[in-house]
1. How much length, in nm to one decimal, is gained on full extension between N173 and A192, taken as 0.36 nm per residue of separation minus their Cα-Cα distance?
2. Stokes-Einstein at 4 °C, 1.567 mPa s, Kirkwood radius from Cα pairs: D for segment 26-220 in µm² s⁻¹?
3. On a full-extension model of 0.36 nm per residue, what is the gain between T18 and W63, subtracting their alpha-carbon distance, rounded to one decimal in nm?
4. Given a Förster distance of 35 Å, report the FRET efficiency between D144 and N35 from their Cβ-Cβ distance, rounded to the nearest 0.05.
5. Nearest 0.05, what FRET efficiency do H27 and N155 give at R0 = 41 Å with Cβ-Cβ as r?
Amino acid sequence: MSSPLAPSRSIRPAPRVTPEERRARDHEMMRQFGNLEMRADMDPYLADDPLARLGFDPDRVDWLSPRGEMTAFYAPSGANLAGRVSRETLARYSGMYPDRGGSVPPDTIVTNAGRGNASVAHESRHRGLRMLRDLGVPDPDYDDYSAYDRRVRPNEETLVEAGDLPFLDETYNVPRDTAAFDRGDQTPRAFADTIEASRIDDTGLQRYFRAYQELAQEELTRRGEPPRAVMQTLEPGNMFYREPEPEPRGGLWGILDRIRGD
């Protein structure tokens with residue numbers, strides 16, 4: 001006959017967490033916090049840009065402070081940095097991502113740590129276009145949107161730069177311990193200097209760009225994200241509409257509501 005004081009189940013010690021598992025857990029927590037912070041920093045650059053929102057994924061962005069010059073770029077099929085960047089820059093990338101052998105994985109954005117969030121949004125548009133095409137979404141016909149004579153369809157870089165117009169006045173700082181900084185090129189650079197601004201302020205191109213934005217928003221809506229404007233002006237009957245919470249009552253009625261859990 002068992003004692004009434006005996007435990008109902010065997011109490012076993014919890015499995016010991018190894019140092020490797022602890023480091024992996026801590027690394028994952030840091031990654032998630034970093035992604036959360038990056039999403040918050042990127043929100044002003046993505047709020048009115050469905051194409052960039054579609055393509056933005058913090059897990060697909062590699063940050064790097066290159067020793068020599070390196071522009072931000074999107075590598076849909078991956079890239080080998082050997083011969084593309086300086087030896088010091090390649091060594092820095094390999095030091096940050098030691099398991100890659102100096103190669104950028106497919107579907108990755110690589111950005112210069114000094115270029116800023118506008119560059120990340122720019123490269124995210126490239127990725128958003130790739131996602132639309134991989135889904136089989138047909139490209140709009142430029143002739144349907146151009147207000148001028150029938151011209152050659154703009155290339156992808158020109159199309160993506162059309163989304164840079166709101167950020168042309170932004171500046172970014174040259175990082176320390178880079179070739180440019182050592183040369184004395186330490187003054188903030190204008191984001192407008194990185195693109196050909198004169199060719200993107202074009203009515204036909206902007207209409208064409210908005211057509212892609214509409215396609216991107218359709219895909220975002222299919223995934224459950226309504227347009228930002230719709231979120232502010234929902235009406236009853238809209239699939240995203242939610243009844244507003246009632247204002248809490250005061251006095252005795254408020255106390256009774258809290259007791260009932262209302």
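Bear in mind these aren't lab numbers, they're just calculated from the coordinates by the rules spelled out. The shown structure was predicted, so the numbers you read here are calculated from the model rather than taken from an experiment. Here the Cβ positions follow ideal geometry from the backbone for every residue, glycine too, while neighbour counts run over all protein chains shown.
1. Contour length minus the Cα-Cα distance gives 5.5 nm.
2. Stokes-Einstein gives a translational diffusion coefficient of 72 µm²/s.
3. So the chain would gain 13.2 nm between T18 and W63.
4. After rounding to 0.05, the efficiency reads 0.35.
5. That pair, H27 with N155, gives E of 0.55.
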